[in-house]
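The values are calculated or read from the model by the stated rules, or taken from the named source; none is laboratory data. Keep in mind that this is a model prediction, so the values were computed, not measured. Cβ sites come from the backbone with ideal geometry, for glycine too, and all protein chains shown count toward neighbours.
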Amino acid sequence: MTKNFFYFMHTVLLALVFLGFAPSFYFKPLIADQPFYPNGLPTPHIIHGVILTVWYIFLVVQARWIKVKAISTHRKSGWFGAVGAVLVIASTVWVISLFPDRMEALAQQTHSTVEELEPNLLQILWLDIFMSTLFVVFVLTGILKRNTPHIHKRLMLYTGIVYLFAATFRLGGIIGNLTIPVLGLATSVGLLLGLTVSLLVHDYRTYKKIYPVSWICFVLYWGFTALSFFVAETEIGRELVDLLQK
(Lines give C-alpha, C1' and ligand atoms only; values in the text may rest on other atoms or scores of the structure.)
Protein backbone atom coordinates (compact mmCIF):
# COMPACT_ATOMS: atom_id res chain seq x y z
CA MET A 1 0.00 0.00 0.00
CA THR A 2 3.00 2.27 0.56
CA LYS A 3 3.72 2.77 -3.14
CA ASN A 4 0.03 3.41 -3.82
CA PHE A 5 -0.39 5.72 -0.84
CA PHE A 6 -1.42 8.86 -2.71
CA TYR A 7 -3.83 7.06 -5.01
CA PHE A 8 -5.38 5.41 -1.96
CA MET A 9 -5.63 8.72 -0.09
CA HIS A 10 -7.31 10.54 -2.96
CA THR A 11 -9.78 7.67 -3.29
CA VAL A 12 -10.57 7.94 0.43
CA LEU A 13 -11.14 11.68 0.09
CA LEU A 14 -13.55 11.13 -2.79
CA ALA A 15 -15.39 8.43 -0.83
CA LEU A 16 -15.76 10.72 2.20
CA VAL A 17 -17.10 13.52 0.00
CA PHE A 18 -19.67 11.14 -1.46
CA LEU A 19 -20.72 9.77 1.93
CA GLY A 20 -20.90 13.20 3.53
CA PHE A 21 -22.97 14.80 0.80
CA ALA A 22 -25.07 11.82 -0.28
CA PRO A 23 -28.17 12.85 1.73
CA SER A 24 -28.07 16.58 0.96
CA PHE A 25 -26.67 16.58 -2.59
CA TYR A 26 -26.05 13.38 -4.55
CA PHE A 27 -29.22 11.61 -3.43
CA LYS A 28 -31.16 14.77 -2.62
CA PRO A 29 -33.92 14.11 -5.24
CA LEU A 30 -34.55 10.70 -3.68
CA ILE A 31 -34.97 11.99 -0.14
CA ALA A 32 -38.37 13.49 0.63
CA ASP A 33 -38.99 16.19 3.22
CA GLN A 34 -35.35 17.15 3.60
CA PRO A 35 -35.75 19.92 6.22
CA PHE A 36 -32.56 21.86 5.55
CA TYR A 37 -33.44 22.64 1.93
CA PRO A 38 -37.26 22.67 1.87
CA ASN A 39 -37.41 24.35 -1.55
CA GLY A 40 -34.54 22.44 -3.11
CA LEU A 41 -30.90 23.29 -3.57
CA PRO A 42 -30.07 26.77 -4.89
CA THR A 43 -28.40 26.86 -8.30
CA PRO A 44 -25.07 28.25 -6.98
CA HIS A 45 -24.83 25.36 -4.51
CA ILE A 46 -25.51 22.82 -7.26
CA ILE A 47 -22.84 24.35 -9.50
CA HIS A 48 -20.38 24.47 -6.60
CA GLY A 49 -21.14 20.86 -5.69
CA VAL A 50 -20.59 19.65 -9.24
CA ILE A 51 -17.31 21.56 -9.57
CA LEU A 52 -15.95 20.23 -6.28
CA THR A 53 -17.01 16.70 -7.19
CA VAL A 54 -15.16 16.96 -10.49
CA TRP A 55 -12.11 18.28 -8.62
CA TYR A 56 -11.97 15.28 -6.29
CA ILE A 57 -12.47 12.90 -9.21
CA PHE A 58 -9.70 14.72 -11.07
CA LEU A 59 -7.31 14.20 -8.14
CA VAL A 60 -8.05 10.47 -8.14
CA VAL A 61 -7.51 10.22 -11.90
CA GLN A 62 -4.24 12.15 -11.69
CA ALA A 63 -2.99 9.88 -8.93
CA ARG A 64 -4.05 6.89 -11.01
CA TRP A 65 -1.95 8.10 -13.96
CA ILE A 66 1.09 8.17 -11.68
CA LYS A 67 0.23 4.73 -10.30
CA VAL A 68 0.25 3.21 -13.80
CA LYS A 69 3.32 5.28 -14.76
CA ALA A 70 1.48 7.35 -17.38
CA ILE A 71 3.56 10.39 -16.48
CA SER A 72 3.07 12.19 -19.79
CA THR A 73 -0.72 11.92 -19.52
CA HIS A 74 -0.56 13.12 -15.93
CA ARG A 75 1.38 16.22 -16.94
CA LYS A 76 -0.89 17.05 -19.86
CA SER A 77 -4.00 16.61 -17.73
CA GLY A 78 -2.52 18.84 -15.06
CA TRP A 79 -3.27 21.97 -17.07
CA PHE A 80 -6.94 21.07 -17.11
CA GLY A 81 -6.62 20.89 -13.34
CA ALA A 82 -5.30 24.45 -13.26
CA VAL A 83 -8.50 25.61 -14.95
CA GLY A 84 -10.51 23.45 -12.57
CA ALA A 85 -8.80 25.04 -9.57
CA VAL A 86 -9.89 28.49 -10.76
CA LEU A 87 -13.47 27.24 -11.00
CA VAL A 88 -13.23 25.73 -7.51
CA ILE A 89 -12.20 29.06 -6.00
CA ALA A 90 -14.72 31.06 -8.03
CA SER A 91 -17.63 28.82 -7.04
CA THR A 92 -16.53 28.72 -3.40
CA VAL A 93 -16.35 32.51 -3.17
CA TRP A 94 -19.77 32.67 -4.83
CA VAL A 95 -21.33 30.32 -2.28
CA ILE A 96 -19.60 32.05 0.66
CA SER A 97 -20.97 35.42 -0.43
CA LEU A 98 -24.51 34.00 -0.57
CA PHE A 99 -24.34 31.91 2.61
CA PRO A 100 -25.66 34.42 5.21
CA ASP A 101 -28.64 35.42 3.05
CA ARG A 102 -29.28 31.76 2.28
CA MET A 103 -29.44 30.94 5.98
CA GLU A 104 -31.84 33.84 6.55
CA ALA A 105 -34.10 32.50 3.81
CA LEU A 106 -33.96 28.99 5.26
CA ALA A 107 -34.82 30.33 8.69
CA GLN A 108 -37.93 31.99 7.28
CA GLN A 109 -38.94 28.91 5.30
CA THR A 110 -38.62 26.64 8.34
CA HIS A 111 -40.07 29.19 10.79
CA SER A 112 -36.84 29.08 12.75
CA THR A 113 -33.79 31.29 13.34
CA VAL A 114 -30.32 31.32 11.83
CA GLU A 115 -28.88 30.53 15.26
CA GLU A 116 -31.04 27.42 15.52
CA LEU A 117 -30.28 26.23 11.98
CA GLU A 118 -26.57 26.98 12.03
CA PRO A 119 -25.15 28.20 15.36
CA ASN A 120 -21.63 28.05 13.93
CA LEU A 121 -22.31 30.28 10.92
CA LEU A 122 -19.34 32.59 11.52
CA GLN A 123 -16.94 29.73 12.14
CA ILE A 124 -18.00 28.05 8.90
CA LEU A 125 -17.60 31.27 6.91
CA TRP A 126 -14.13 31.96 8.25
CA LEU A 127 -13.08 28.33 7.91
CA ASP A 128 -14.12 28.50 4.26
CA ILE A 129 -12.13 31.70 3.78
CA PHE A 130 -8.97 30.36 5.40
CA MET A 131 -9.21 27.00 3.65
CA SER A 132 -9.74 28.75 0.32
CA THR A 133 -6.58 30.75 0.98
CA LEU A 134 -4.67 27.54 1.63
CA PHE A 135 -6.16 25.97 -1.49
CA VAL A 136 -4.78 28.80 -3.63
CA VAL A 137 -1.37 28.57 -1.94
CA PHE A 138 -1.17 24.79 -2.35
CA VAL A 139 -2.31 24.84 -5.99
CA LEU A 140 0.03 27.65 -7.05
CA THR A 141 2.99 26.14 -5.21
CA GLY A 142 2.10 22.72 -6.59
CA ILE A 143 2.23 24.11 -10.13
CA LEU A 144 5.56 25.81 -9.48
CA LYS A 145 6.93 22.59 -7.97
CA ARG A 146 5.43 20.27 -10.59
CA ASN A 147 8.91 19.01 -11.50
CA THR A 148 9.67 18.12 -7.86
CA PRO A 149 7.41 15.07 -7.38
CA HIS A 150 7.70 14.61 -3.61
CA ILE A 151 6.61 18.23 -3.04
CA HIS A 152 4.01 18.39 -5.80
CA LYS A 153 2.10 15.26 -4.78
CA ARG A 154 1.89 16.32 -1.13
CA LEU A 155 0.62 19.78 -2.00
CA MET A 156 -2.01 18.33 -4.32
CA LEU A 157 -3.14 15.92 -1.61
CA TYR A 158 -3.79 18.89 0.64
CA THR A 159 -5.84 20.64 -2.06
CA GLY A 160 -8.32 17.85 -1.42
CA ILE A 161 -8.00 17.86 2.35
CA VAL A 162 -8.63 21.60 2.82
CA TYR A 163 -12.29 21.44 1.78
CA LEU A 164 -13.01 18.05 3.31
CA PHE A 165 -14.27 19.51 6.58
CA ALA A 166 -17.68 20.10 4.99
CA ALA A 167 -18.05 16.37 4.30
CA THR A 168 -16.62 15.13 7.61
CA PHE A 169 -18.82 17.50 9.63
CA ARG A 170 -21.86 16.16 7.81
CA LEU A 171 -20.78 12.60 8.51
CA GLY A 172 -20.20 13.55 12.13
CA GLY A 173 -23.63 15.15 12.25
CA ILE A 174 -25.25 11.93 11.08
CA ILE A 175 -23.36 9.90 13.67
CA GLY A 176 -24.12 12.48 16.36
CA ASN A 177 -27.84 12.31 15.59
CA LEU A 178 -27.80 8.52 15.76
CA THR A 179 -25.75 8.39 18.97
CA ILE A 180 -24.58 11.39 21.01
CA PRO A 181 -23.36 14.80 19.72
CA VAL A 182 -19.88 14.47 21.20
CA LEU A 183 -19.29 11.26 19.25
CA GLY A 184 -20.25 13.05 16.05
CA LEU A 185 -17.76 15.84 16.72
CA ALA A 186 -15.07 13.31 17.59
CA THR A 187 -15.72 11.54 14.30
CA SER A 188 -15.44 14.75 12.28
CA VAL A 189 -12.21 15.92 13.88
CA GLY A 190 -10.81 12.39 14.10
CA LEU A 191 -11.18 11.83 10.37
CA LEU A 192 -9.36 15.07 9.53
CA LEU A 193 -6.66 14.42 12.09
CA GLY A 194 -6.19 10.86 10.86
CA LEU A 195 -5.88 11.96 7.24
CA THR A 196 -3.33 14.66 7.97
CA VAL A 197 -1.29 12.53 10.37
CA SER A 198 -1.27 9.62 7.93
CA LEU A 199 0.98 11.57 5.55
CA LEU A 200 3.52 12.11 8.32
CA VAL A 201 3.38 8.42 9.22
CA HIS A 202 3.74 7.45 5.56
CA ASP A 203 6.85 9.61 5.20
CA TYR A 204 8.50 8.17 8.29
CA ARG A 205 7.66 4.54 7.51
CA THR A 206 8.74 4.83 3.88
CA TYR A 207 11.72 7.19 4.03
CA LYS A 208 12.66 7.11 7.73
CA LYS A 209 12.14 10.85 7.77
CA ILE A 210 9.31 13.34 7.38
CA TYR A 211 9.61 15.66 4.41
CA PRO A 212 9.54 19.35 5.40
CA VAL A 213 6.66 19.95 2.98
CA SER A 214 4.55 17.42 4.90
CA TRP A 215 5.19 19.22 8.18
CA ILE A 216 4.54 22.61 6.59
CA CYS A 217 1.21 21.48 5.13
CA PHE A 218 0.20 19.91 8.45
CA VAL A 219 1.04 23.02 10.48
CA LEU A 220 -0.58 25.40 7.98
CA TYR A 221 -3.75 23.33 7.83
CA TRP A 222 -4.29 23.06 11.56
CA GLY A 223 -2.93 26.54 12.23
CA PHE A 224 -5.36 28.11 9.77
CA THR A 225 -8.18 25.97 11.17
CA ALA A 226 -7.49 27.28 14.68
CA LEU A 227 -7.08 30.83 13.36
CA SER A 228 -10.47 30.70 11.64
CA PHE A 229 -12.21 29.89 14.91
CA PHE A 230 -10.27 32.63 16.71
CA VAL A 231 -11.10 35.30 14.11
CA ALA A 232 -14.77 34.29 14.14
CA GLU A 233 -14.93 35.35 17.80
CA THR A 234 -13.49 38.82 17.18
CA GLU A 235 -15.43 41.97 16.33
CA ILE A 236 -13.91 42.03 12.85
CA GLY A 237 -14.91 38.43 12.37
CA ARG A 238 -18.49 39.13 13.37
CA GLU A 239 -18.70 42.05 10.95
CA LEU A 240 -18.23 39.65 8.04
CA VAL A 241 -21.88 38.60 8.06
CA ASP A 242 -23.04 42.23 7.94
CA LEU A 243 -20.65 42.90 5.06
CA LEU A 244 -21.89 39.94 3.03
CA GLN A 245 -25.51 40.91 3.59
CA LYS A 246 -25.05 44.44 2.22
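Take PHE36 and tell me if it is outside any loop (DSSP other than H, G, I, E, B) and either modelled with pLDDT under 75 or surrounded by 13 or more Cβ atoms within 10 Å (Cβ to Cβ) (or both).
no
Just checking, which of ILE180, ILE236, ILE174, ILE210 is of a type in the set (A, V, I, L, M, F, W, C) and exposed (fewer than 11 other Cβ atoms within 10 Å of the Cβ)?
Sole residue among the options that is of a type in the set (A, V, I, L, M, F, W, C) and exposed (fewer than 11 other Cβ atoms within 10 Å of the Cβ): ILE236.
Do the conditions hold for HIS111, that is, is it surrounded by fewer than 18 Cβ atoms within 10 Å (Cβ to Cβ) and not in a helix (DSSP H, G or I)?
Taking the combined requirement at face value, the residue satisfies it.
Counting only residues that are part of a loop (DSSP other than H, G, I, E, B) and farther than 23 Å from THR92 by Cα, which one in the range 1-33 is modelled with the highest pLDDT?
It comes out as ASN4.
Answer yes or no as to whether TRP94 is within 22 Å of ALA232 (Cα to Cα), buried (at least 18 other Cβ atoms within 10 Å of the Cβ) and out of contact with any Asp or Glu (no Cβ under 8 Å at 6 or more places or on another chain).
So TRP94 fails the test.
If you check THR148, THR187, THR159, which single one turns out to be crowded, with 18+ Cβ neighbours inside 10 Å and without any contact (Cβ under 8 Å) to a residue 24 or more places away in the chain?
Going through THR148, THR187, THR159 in turn, just one is crowded, with 18+ Cβ neighbours inside 10 Å and without any contact (Cβ under 8 Å) to a residue 24 or more places away in the chain: THR187.
Which one of these is over 15 Å from the mean Cα position of the chain (by Cα), touching a residue at least 24 places away in the same chain (Cβ under 8 Å) and under 29 Å from MET103 (Cβ atoms): LEU122, LEU192?
It is LEU122.
Based on this model, can you work out whether SER91 counts as of a type in the set (Ser, Thr, Tyr) and at pLDDT 75 or above?
For SER91, the condition - of a type in the set (Ser, Thr, Tyr) and at pLDDT 75 or above - is met.
Kindly check whether there is at least one residue in the range 105-114 that is at pLDDT below 95 and either under 20 Å from the mean Cα position of the chain (by Cα) or of a type in the set (D, E, K, R) (or both).
No, the range 105-114 contains no residue that is at pLDDT below 95 and either under 20 Å from the mean Cα position of the chain (by Cα) or of a type in the set (D, E, K, R) (or both).
Run ARG75 past the list (1) free of Cβ contacts under 8 Å to residues at least 40 places away in the same chain; (2) part of a helix (DSSP H, G or I); (3) loosely packed, with under 15 Cβ neighbours inside 10 Å and report the number of the one that doesn't hold.
(1) is the only condition that ARG75 fails.
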